[in-house]
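Bear in mind that the values in this text are calculations on the coordinates, not laboratory data. Predicted model only: the values in this text are computed from it and were never measured. Here Cβ is always computed from backbone atoms with ideal geometry, including for glycine, and neighbour counts include all displayed protein chains.
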Amino acid sequence: MTDQGVHEPLLSGRRLLLAGASARIGLLAIVIMFWILFSSLAPGFLSAFNLFTLGRSLAIDVVIGFAQMVVLATGGMNLAVGSIGVCAVMTSGYLLQILGLPIPIGILGALVLGGALGWLNGFAIVRTGVNSFIITLASANLFSGAMLILTKAVPLNALPSEIGAFGKMKVASVVSPLLLIALGIGAALYVLFRYSVLGRQILAAGANSRAAAMSGVPVGRVVILGHTLSGILAASAGLMVVARLGAAMPAVGGEEWLLPSFLGPVLGGTLLSGGTVAVIGTMLGAALVTTIRSGLLVLQIGNFWLQLFLGLILLVAVLLDRYRGLYVERRRLGRQ
Amino acid sequence: MTLVHRLALVEWSGLLAAIIIGSVGLAVLTPNFLTEFNLYVMLRSLCVGLLVGFAQMVTLGVGQMNIAVGALGGLVAIAFGGVLESLGLPLAFAVPAALAIGALGGLINGLLTVRTGINGFVVTLATASAFTGINLGITKSIPFYKMPPVLVAFGEQHFHAFPYLLIVPLIVAALLGLFLSRTVPGRQLLAVGGNSQAADLSGIPRGRIIVLAHILSGMLAAAAAVLAVAQLGSAQPTIGADWLLLSFAAPIIGGAALTGGHISVLGTMFAVALIALIENGMVLAKVDPYWVQFLLGALILAAVWLNRWRAVSAGAG
């Protein structure tokens, strides 16, 4: 089986392999197509500087996508990804600048806060039995509101200089270490969902929570863990933004992360109905988004039309996915 | 059953009580609350919010959601402003054109959702991005300032504390109430939302009704956009950018079920009024404006919890 660990009895392993792998190969082909297009239209696209900034924003988009993906796997959604991200940003800023604590503690504090806020989401969803959409919509505003009340929206830009330096660091002269971290997180998630009991339980709970509960999966606990993981990932993305900006800004994250958080996983083939994840697909989906954003910037088409492109690409992608699914289904029926 | 008892079972009774208690409290605590000007400002701030709440309410009623309410509103607002300023066309043309664009946006949302069977959340998330993109691409974030004096006057005039602007949402509310309770498509809309399979089996054209709800939602968003232009006196591309939370908060605090089939026009109206009252109270008390966002989040959670509790206790009784 591929990294789309689906637990639907109706779907055979072969069909999944076909659907999952073809989706990722198709996505990869589209990304490569855009690279060829942009680099032939604008030579600046392949410059070391552009590749470096592209890789750095890709790292952030990938992790934002992961934060949504792990909750989608449980069959829910998390509209608070951006709010948790910005709360982590300001927490790290507070710990490092105001309290003057060492950097590892600042990072750890932000991640713990992210996990705690995610846990709160999961706990509220499981305890009340209310739709995750509405709980996280409300909590997103609680978190952002509390952050603004506490920080008075003042940016913290006297962080230790090592942080900004890390954001500007280059491995092999073009690769940002942030991208390597994002790949590392991806590898860990791949192992989690493919080989660990917890990962399989999350997918089982997302695919069919009643069946999972009957097979002894502690569904409530698993959903809460999924949200906690999402919070930690959102906080990681927030920390990456801190490294990129070299400062803790209260204006990052929030609703701006909403679309990217869904774009990566949905383009990559994660179902909104739960029970699937596509770790590699999410990375490719984020790569497509970042490539287009960077390409339009280099071509100076301007940020204004970017939103339109992203919306249309999401629409085309879900449409293609829908019809590919139908096509595979039909072929399977034809063979019988 | 006594009157008090019966009132307690109506969803919006708690909201009405909260509004009355809040108003009395504010009137006692701050002398500025009951001034004609303050009441006018507060009532005027209600108008757009009411229509935004209704726009989401109808999609919730059919069991869908519309993330694109604000994006469509923004697009309609600048199209409306552009028709008036750049093309110099009269209001009699611009207002129907604005509503038609809203209906078209809703039609796109509805058709994409129904024809493809893709989750309405993803569809409207994508179209929201596309609508915002068109809006920013056309305007480059520059507003249209030259609005007809009639429109601006309509946005400002008032009879004592009653702004003329409020007439529009009140009429819309009455029509919506009639539509949902007395007409066949209105009842079908709620039937599809309540149990789409049962509605299908009873011969209701489910797909067409979902499309209808999206069209209605688009037109209500467009109406909200027109009122926002009248209220601001200019067509800002940022109109609608902050509607998402309010659009869900109003119907849900008003007692709508996210699963569909159950919405309340009066409840939504009282919810918008309560939110406006809270915002007004915070301004008068000179509280940090960031508290509004925090409280709105808390209010939604409280409302969801209360609805849940009511459902459970109704089931037990």
Once you have a ≥ b ≥ c as the square roots of the Cα gyration tensor eigenvalues for the protein assembly as shown, tell me rounded if a/c is under 1.5, and otherwise prolate or oblate according to whether a/b is larger than b/c. rounded
Using alpha carbon centroids, what distance separates the range A:178-243 and the range B:14-53, in Å? 45 Å
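Determine, for A:Phe133, B:Phe159, the number of other Cβ atoms within 10 Å of each Cβ, and report the residues in order from fewest to most.
On the way: A:Phe133 17, B:Phe159 8.
Taking fewest neighbouring Cβ atoms as first place, the list is B:Phe159, A:Phe133.
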I'd like to know which of A:Ile134, A:Gly264, A:Ala204 lies farthest towards the positive end of the charge dipole of the range A:53-325, counting +1 on Cβ of Lys and Arg and -1 on Cβ of Asp and Glu. A:Ala204
Among A:Leu159, A:Ala188, A:Gly216 - extreme Cα towards positive end, dipole of the range A:91-219, charges at beta-carbon: A:Gly216
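Under 15 Å from the Cβ of B:Val69, count the other residues' Cβ atoms, weight Lys and Arg +1, Asp and Glu -1, and hand me the total. Don't skip to the end; give the middle numbers.
On the way: positive: none; negative: A:Glu255, B:Asp242.
Around B:Val69, the surrounding residues sum to -2.
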For chain B, what's the relative contact order in percent, using C-alpha pairs closer than 8 Å and at least 6 residues apart? 33 percent
Percent relative contact order for the range A:53-325, counting Cα pairs under 8 Å at least six residues apart, stands at 36 percent
Given the options B:Ile134, B:Val211, B:Gly186, identify the residue whose Cα lies farthest towards the positive end of the charge dipole of the range B:120-216 (+1 on Cβ of Lys, Arg; -1 on Cβ of Asp, Glu). B:Val211
Using the crude model of +1 on Lys and Arg Cβ and -1 on Asp and Glu Cβ, and no other charge, please compute the dipole size for the protein assembly as shown relative to its Cα centre, in debye to 20. 1580 debye
Using Cβ contacts closer than 10 Å as the measure, can you line up B:Val168, A:Val252, B:Val150, A:Val81 from fewest to most? B:Val150, B:Val168, A:Val252, A:Val81
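Please work out whether chain B counts as rounded, prolate or oblate from its C-alpha gyration tensor, where a ≥ b ≥ c are the square roots of the eigenvalues and a/c under 1.5 means rounded, while otherwise a/b larger than b/c means prolate and anything else oblate?
Numbers: a/c = 1.77, a/b = 1.04, b/c = 1.71.
The shape class here is oblate.
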Under a Cβ-Cβ cut-off of 13 Å, what is the net charge of the residues other than B:Pro289 that fall near it, where Lys and Arg count +1 and Asp and Glu count -1? -1
Answer in debye to the nearest 20: the dipole magnitude of chain B about its Cα centre, from +1 Lys/Arg and -1 Asp/Glu charges placed on Cβ, is 580 debye
For chain A, would you read off the P(r) tail past 27 Å as a percentage of all alpha carbon pairs? 45 percent
Take A:His227, B:His160 and order them by how many other Cβ atoms sit within 10 Å, fewest up front. B:His160, A:His227
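Using the crude model of +1 on Lys and Arg Cβ and -1 on Asp and Glu Cβ, and no other charge, please compute the dipole size for chain A relative to its Cα centre, in debye to 20.
Numbers: 20 positive and 8 negative charges, 167 e Å.
Using only the charged Cβ atoms, the result is roughly 800 debye.
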